[in-house]
Amino acid sequence: MTSLTDAGAPPDKPAAAELPILGTYKRAPMQFVRGEGVELVDVAGKRYLDLGSGIAVNALGYGDAGVRKAIVAALDTGLIHVSNLYRTEPAETLAASLVAQSFADKVFFCNSGAEANEGAFKFARRWGRSVSSGAKTGIVALRGSFHGRLFASLAATDRPSYRAPFRPLAGGISICERDPRALDVALDGDSVAAVIVEPVQGEGGVRVLEESLLEELRRLTSERGIALVFDEIQCGLGRLGTLFAYESFGIVPDMVTIAKPLAGGLPMGAILVTAEIGSVIKPGDHGTTFGGGPLVARAAIEVLRRVSDPALLKDIRDNGAWFGEMLRGIAKRTGKVRAIRGMGYMWGIDVVEKASDVIERGWDAGVLILSAGDHTLRLLPPLVMSRDDLSRGAALLEQVLG
């Protein structure tokens, strides 16, 4: 077997095609070694302004003193993990804080967004069977949705290229058009347990769902005894300028799934549920080895404290509106933009060329941009990014577009 060294690549920096990591991602060529504030630094010392936040994870940027302090304090206790057979104070404190600041009565902790959605589907079916003869098990998602890459969450994800290689997917899950008339037909109260919706669809192009559609969804689900699940994995925890995304739309769901920024970059997800749904979940119905461990929970307590700060949330709303105007100005000046969508610190830009080409030019210019489709750029800056850095990001974006 030829070694990486024999093939001509240094053992500490193998060529991308020869990495021992399974090739599920097309990785960018630069290798990052440090993060500072809202910038990443590569092995050559080049700095990149991060407009992606590790896909909406690094809400507090890099090297945050509060997150570091929380992690060190957790390590000092010697409790990284004890399993969910036992109680720990960090998990209970975090759950109490989430309940106090939301509609929810109970919280389940897991390790990722896909796990949170899979768990929500299980909870919905468990609840549906408890209030019906047993046929109330269906899950409905919306056109343009992305809910994860596991079997049930993938079945609820409207990306044919993601789904096709892994069929058959989990059954009893369907995708409906984002249309009140179609939903009126699809949401059969006798057979549907839950409908899941991203109030702002991230992977689906950063599409802000109309408030009237969400209101109709809430009306239909309430009247027909169907659980309404908000997937806030990407758009929640401050990104829209409210702690929870549902607050931005004035809609109260029955379950909310969160993850990405929750533990400051450590793997953590959560499902928030009402007392009605929570009451039917019994020991053995669901589980997790690592979910809500003392280390990640301590970090999450600090993140939640920071992203729920009213001053920060106001800055996100104000700066986000200002940033949207900056993006619209870029569209007019360059003629390279077809549409702009978003709110808060979550924006999508439809461009006339391949999004990947713009992203690669961004690497040369020192700015990190994400995609949300073949022709859509996605901007998810750290929630602590100042207006000055947003302005710098906009200038770099205009440069790589122009």
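The values are calculated or read from the model by the stated rules, or taken from the named source; none is laboratory data. For clarity, every value in this text was computed on a predicted model and none was experimentally measured. Virtual Cβ from ideal backbone geometry, glycine too; neighbours counted across all protein chains shown.
How do the pairs read when you match residues in region 81-106 that are surrounded by fewer than 16 Cβ atoms within 10 Å (Cβ to Cβ) with residues anywhere that are modelled with pLDDT of 95 or more and among the acidic types (Asp, Glu), using Cβ under 9 Å and keeping only pairs 6 or more apart or on different chains?
Cβ pairs passing all conditions: VAL99/ASP105; ASP105/GLU276.
What is the one condition in (1) in a strand (DSSP E or B); (2) of a type in the set (S, T, N, Q); (3) surrounded by fewer than 23 Cβ atoms within 10 Å (Cβ to Cβ) that THR257 does not satisfy?
All conditions pass for THR257, except number (3).
Is it the case that GLY238 is under 12 Å from the mean Cα position of the chain (by Cα) and within 24 Å of LEU154 (Cβ to Cβ)?
No.
What are the pairs with Cβ atoms under 6 angstrom where one residue, in region 244-263, is among the acidic types (Asp, Glu) and the other, located anywhere, is part of a loop (DSSP other than H, G, I, E, B)? Sequence gap at least six, or different chains.
Listed pairs, sorted by first residue: ASP254/THR274.
From (1) in a helix (DSSP H, G or I); (2) modelled with pLDDT of 95 or more, pick out the condition that doesn't hold for ALA193.
(1)
Going by the structure shown, is LEU312 in contact with a Gly (Cβ under 6 Å, 6 or more places away or on another chain) and either surrounded by fewer than 18 Cβ atoms within 10 Å (Cβ to Cβ) or within 23 Å of VAL57 (Cβ to Cβ) (or both)?
no
Just checking: which of the strands (runs of 3 or more DSSP E) contained wholly in region 25-86 hold 1 or more residues that are within 24 Å of GLY236 (Cβ to Cβ) and among the charged types (D, E, K, R)?
Here the list reads 47-50.
Go through region 97-128 and give me each residue that's of a type in the set (Lys, Arg) and touching a strand residue (DSSP E or B) at 6+ places or on another chain (Cβ under 8 Å).
Residues satisfying the conditions are LYS106, ARG125.
Among LEU98, LEU150, which is closer than 22 Å to GLY293 by Cα and of a type in the set (A, V, I, L, M)?
Answer to the check: LEU98.
Report, by residue number, each residue of region 196-211 that is touching a residue at least 12 places away in the same chain (Cβ under 8 Å) and in a loop (DSSP other than H, G, I, E, B).
Once the filter is applied, which keeps residues that are touching a residue at least 12 places away in the same chain (Cβ under 8 Å) and in a loop (DSSP other than H, G, I, E, B), region 196-211 yields GLU198, PRO199, GLY202, GLU203, GLY204, GLY205, VAL206, LEU209.
For region 134-163, which residues satisfy the criterion of being modelled with pLDDT of 95 or more, among the aliphatic types (A, V, I, L, M) and either in contact with a strand residue (DSSP E or B) (Cβ under 7 Å, 6 or more places away or on another chain) or part of a loop (DSSP other than H, G, I, E, B) (or both)?
Of everything in region 134-163, those that are modelled with pLDDT of 95 or more, among the aliphatic types (A, V, I, L, M) and either in contact with a strand residue (DSSP E or B) (Cβ under 7 Å, 6 or more places away or on another chain) or part of a loop (DSSP other than H, G, I, E, B) (or both) turn out to be ILE139, VAL140, ALA141, LEU142, LEU150, ALA152, ALA155, ALA156.
For region 332-361, give me each residue that is under 17 Å from ALA395 (Cα atoms) and among the β-branched types (Val, Ile, Thr).
Answer for region 332-361, where residues must be under 17 Å from ALA395 (Cα atoms) and among the β-branched types (Val, Ile, Thr): THR334, VAL337, ILE340, ILE349, VAL351, VAL358, ILE359.
Contact list please: Cβ distance under 6 Å, first residue in region 30-44 and in the same structural domain as ILE369 (by TED's automatic domain parsing) and surrounded by 16 or more Cβ atoms within 10 Å (Cβ to Cβ), second residue assigned to a strand (DSSP E or B) and of a type in the set (A, V, I, L, M, F, W, C), pairs at least six apart or on different chains.
GLU39/LEU49; LEU40/PHE32; ASP42/PHE32
Give the residues of region 344-385 that are in a loop (DSSP other than H, G, I, E, B) and free of Cβ contacts under 8 Å to residues at least 24 places away in the same chain, sorted by residue number.
Residues satisfying the conditions are VAL352, GLU353, LYS354, ASP374.
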